[in-house]
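S.K.: Following this message is one structure expressed as structure tokens.
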Amino acid sequence: MAQEVRGVIAPGKGEPVRVETIVVPDPGPGEAVVRIQACGVCHTDLHYKQGGISDDFPFLLGHEAAGVVESVGAGVTDVAPGDFVILNWRAVCGQCRACLRGRPWYCFNTHNAEQKMTLTDGTELSPALGIGAFAEKTLVAAGQCTKVDASVAPQVAGLLGCGVMAGIGAAINTGNVGRGDSVAVIGCGGVGDAAIAGANLAGAAKIIAVDIDDRKLAKAREMGATHTVNSKETDPVEAIRELTGGFGADVVIEAVGRPETYQQAFYARDLAGTVVLVGVPTPEMKLELPLLDVFGRGGSLKSSWYGDCLPSRDFPMLIDLHLQGRLPLDKFVTETIRLTDVEQAFERMHHGDVLRSVVVL
């Protein structure tokens, strides 16, 4: 029987979000209903609200979430009612060309729930990243649920559902940071700080944090940065080279998503080094680089999709590392809020006042 719950919707482009009654249907084949316990406020939700992703309004926002499986549909065997899970937007299909080649972290056909959640008048909702977790309960594809150790705090676990996983994975999975490497991270918001934490976890010897906000640089040191550079005051390329013996960093992670900062990343890496783009650009942005420099500097220019993560592999491992005290996921949580506080949380995020606001239900 369908249930009515509270959820946060974005009714139209640029309009304030509001809490509405949401109708959540019973799970169909391959689906699950999850009772949400916590959901982070991510920049991607703000992009949905602003119409920067699509115009399929109204959106049911929220996607960086953890909770407990309440019910499952026919054919679901990987999770069961009562399981504590992190939601993900990479429910791998197992059948596309990436999956069949043994590279499921690139899955080109990830799936979502077939049924739609609605408003009480029947208006269909578009769930953010196929999840829609600023709600007391949500309907997802069962493959979007990854079971992890239930002893972890939900407000910490849910962060792996998007930004923190993107950053950690950019360092570990995409950048292949190894012991003794030098790493520079440009942009020290949630994703950038997660990349710093991931590089630290991987054993990088030198981790250089770059930003224009001293508050963010101070937080970056808490996450494991060994050096900081305020790029408003200092040329970051020259500073990174100076800190790496004049050569540049082995891996440079760009967590802003702008042509200017990407060029800085490109020239701040060592010869044969790696650039990882994890910041998300906007459609109109263009990049211009001398092709001779692309050839002559060698190395790799990579994009990191969701940290090239495989949720079934990475989520349980990272939660275990957190519970062992080796990965400080709790440091990403600036504040906990209610569903009714999401609009204000967007403002604080926009002004750089928080690393993560987390809705706790």
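S.K.: Restricting the search to segment 304-334, which residues are closer than 23 Å to residue 98 by Cα and either surrounded by 15 or more Cβ atoms within 10 Å (Cβ to Cβ) or in contact with a Cys (Cβ under 9 Å, 6 or more places away or on another chain) (or both)?
M.R.: 304, 305, 306, 307, 308, 309, 310, 311, 312, 314, 315, 316
S.K.: Within segment 73-80, is even one residue within 17 Å of the chain's Cα centre (by Cα) and open to solvent by 70 Å² or more (accessible area, probe 1.4 Å)?
M.R.: Scanning segment 73-80, I find no residue that is within 17 Å of the chain's Cα centre (by Cα) and open to solvent by 70 Å² or more (accessible area, probe 1.4 Å), so the answer is no.
S.K.: Name the residues in segment 201-212 that are surrounded by fewer than 24 Cβ atoms within 10 Å (Cβ to Cβ) and in contact with a strand residue (DSSP E or B) (Cβ under 8 Å, 6 or more places away or on another chain), would you?
M.R.: Within segment 201-212, 205, 206, 212 meet the criteria.
S.K.: Name every residue in segment 244-265 that is out of contact with any helix residue (DSSP H, G or I) (no Cβ under 9 Å at 6 or more places or on another chain), surrounded by fewer than 18 Cβ atoms within 10 Å (Cβ to Cβ) and not in a loop (DSSP other than H, G, I, E, B), in order of residue number.
M.R.: Listed by number, the residues that qualify are 259, 260.
S.K.: Sticking with this structure for a sec: Can residue 215 be described as in contact with a helix residue (DSSP H, G or I) (Cβ under 9 Å, 6 or more places away or on another chain), assigned to a helix (DSSP H, G or I) and more than 19 Å from residue 168 (Cβ to Cβ)?
M.R.: Here the answer is no, as residue 215 does not meet what is asked.
S.K.: Return only the number of the condition from (1) under 21 Å from the mean Cα position of the chain (by Cα); (2) surrounded by 14 or more Cβ atoms within 10 Å (Cβ to Cβ) that residue 268 does not satisfy.
M.R.: Exception for residue 268: condition (1).
S.K.: Which of the strands (runs of 3 or more DSSP E) found entirely inside segment 19-108 contain at least 1 residues meeting this: over 27 Å from residue 337 (Cα atoms) and of a type outside the set (Gly, Ala, Ser)?
M.R.: Result: 31-40, 64-72.
S.K.: Something else now. Being under 11 Å from residue 248 (Cβ atoms) and either of a type in the set (Lys, Arg) or loosely packed, with under 10 Cβ neighbours inside 10 Å (or both) is the requirement here; does residue 297 meet it?
M.R.: Taking the combined requirement at face value, the residue satisfies it.
S.K.: A follow-up question, please. Checking the conditions here, which among 301, 327, 318 is of a type in the set (A, V, I, L, M, F, W, C) and part of a loop (DSSP other than H, G, I, E, B)?
M.R.: 327
The values are calculated or read from the model by the stated rules, or taken from the named source; none is laboratory data. The structure presented is a predicted model; accordingly, all values stated were derived computationally and were not measured. FYI the Cβ positions are ideal-geometry reconstructions off the backbone, even for glycines, and counts take in every protein chain you see. Note: accessible area is taken over every heavy atom of the protein model, side chains too, but ligands, DNA and RNA are not part of it. Shrake-Rupley method; radii C 1.70, N 1.55, O 1.52, S 1.80 Å.
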